[in-house]
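See structure below.
FYI, it's all coordinate maths here, none of it is from the lab. Nothing here was measured: the structure is a model prediction, and the numbers come from that model. Cβ coordinates were reconstructed from backbone atoms using ideal geometry, including for glycine residues, and neighbour counts include every protein chain displayed.
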Amino acid sequence: MSFVDRHRTRLTLQQAGLDALVIAEPEGFRTISGVSQGVAALFRRAGAGFAVLPADPTIPIGIVIGDLAIEGARKIIPDTRAHPLWIEHAVLGAGEGPIAPRVAASWRSAGRPTDFGRPATFDLRLALAALTDVLADRGLARARLGFDFDYIAASDAEAIRAAFSDAVLVNGSAAFDRLRMVKTTPEIERLTLALELSEAGLRRLAESTLEGHGVEDLHDLFRLGIEEAAAGRGLPAPPSWDYISIGPEPWGAGGRVTHGAIIKADVGCVVDGYSSDTSRNYVFGAPTREQMEFHGILEHAFDAGMEAIRPGVPLKAAHHAATAALASAGLAGYSRGHFGHGLGHSLFSEQWPFIAADTEVLFEPGMVMAFEVPIYVRGLGGFNLEDQFIIEASGPRIMTTLPRTLQSIGR
């Protein structure tokens, strides 16, 4: 199942002057095709797979992938072309007799040449030959093609340009980023589930943290909450990540929970490649006046930033509003590169666009993002308020449900 909206694809590629996108990045490949590149993706090099996304919605998506995954891929994308990987595989035929000849017979029946040899990993030239066929069959051999050159290594880009000298090749990374910044319904479902499981992990952490616990203990509690919530839904527990700090040294790895300790938990869960992102702050026992005052400043700045988030408003407006609120509260000079980011299928929880001071991109319905106000103060602790939200026609809908105030736990 493709995760892209073909109507939005047409508009986005028309604006970029492209006839098609050709995406090599494993995460982008899967966004377009719904297919995983498999183990070859771990090399993070062009050639593991290519996904062709035409601007014309009547022209089907096509992909190139390693031969190990060809059968499964064709169930999702019928027009899948293969190139050989380093991994040998065969089909055991019916009948009796010695096992080795029966295995070898499957290679002959598949039409394997006698001089066939597998590459050390995979051969970009063979992948490009298969891609040539995919493009030609779609009338795109001489088209204007947007490759994701932000991802592709320079040496691979050179080979790609040589292979398609009759076409016009440009960097399509920006167009692809703009396409996938607005999420489709299946993507929103995955990001919603990821957040719900992550919140279950935070609830377990808040309920079960004890004096003397370290970061690893809190990690285990967060993970336990995810596993419990997933089991309650009849699901396997998906991967998760966390950045947890304890005490007045936000970058210290050896903090222990003591009375009055600040706990910052910036966490996420990854469902089918889609990562949530949220953060909450806790204090073990009763908070001090300073802790409450400082957290209140962050809450005020958070509210100011969220007030600026509306469809049709540039992302930079939220950055300016939060920065101004912090300055008016006495934190003049506070400088944060971005106050949030897009969410999606990525190696990292942070995806373009960013809520930065110079981001002219407008908020659009369907964008799923995280808004955050972090600061790390040695002598006080690490703090980050972060919510996940979706832009709707009327404004942002906060997806995070946990209280945003400084929560006292362990009392």
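Things worth noting here:
- The calculated FRET efficiency for the pair Asp220 and Leu402, based on their C-beta separation and a Förster distance of 25 Å, comes to about 0.80.
- Convex hull of the stretch 185-409 built on C-alpha atoms - directionally averaged projected area, nm²: 11.7
- Inter-part distance where the stretch 41-61 and the stretch 351-411 are each reduced to a Cα centre, Å: 32
- With a cut-off of 14 Å between beta carbons, the residues surrounding Phe147 carry a summed charge of -4, where Lys and Arg count +1 and Asp and Glu -1.
- Distance in nm between pseudo-label sites at Ala153 and Asp133 (7 Å out along the Cβ direction from Cα): 2.6
- Point-charge dipole on Cβ atoms (K/R +1, D/E -1) for the chain, about Cα centre, debye to 20: 620
- Extension gain, Glu207-Glu189: 0.36 nm per intervening residue step, less the Cα-Cα distance, totals 3.8 nm.
- With q set to 0.06, 0.08, 0.13 Å⁻¹, the log10 of I(q)/I(0) for the chain, from the Debye formula over equal scatterers at the Cα positions, is -0.32, -0.54, -1.10.
- Applying 0.36 nm per residue to the separation of His7 and Glu307 and subtracting their alpha-carbon distance, the gain on full extension is 104.9 nm.
- Computed about the Cα centre, the dipole magnitude for the stretch 40-131 is approximately 140 debye when only Lys and Arg (+1) and Asp and Glu (-1) carry charge, each at its Cβ.
- Normalised convex hull volume, the stretch 270-386, alpha-carbon set, Å³ per residue: 117
- Calculated log₁₀ intensity ratio I(q)/I(0) where the Debye formula runs over C-alpha points of the stretch 41-85, q = 0.14 Å⁻¹: -0.34
- For the stretch 179-260, the Rg and Dmax computed from alpha carbons only, in angstrom: 15.3, 48
- q = 0.15, 0.16, 0.21 Å⁻¹: log10 I(q)/I(0) that the Debye formula gives for the stretch 165-314, counting C-alpha atoms only: -0.92, -0.99, -1.26
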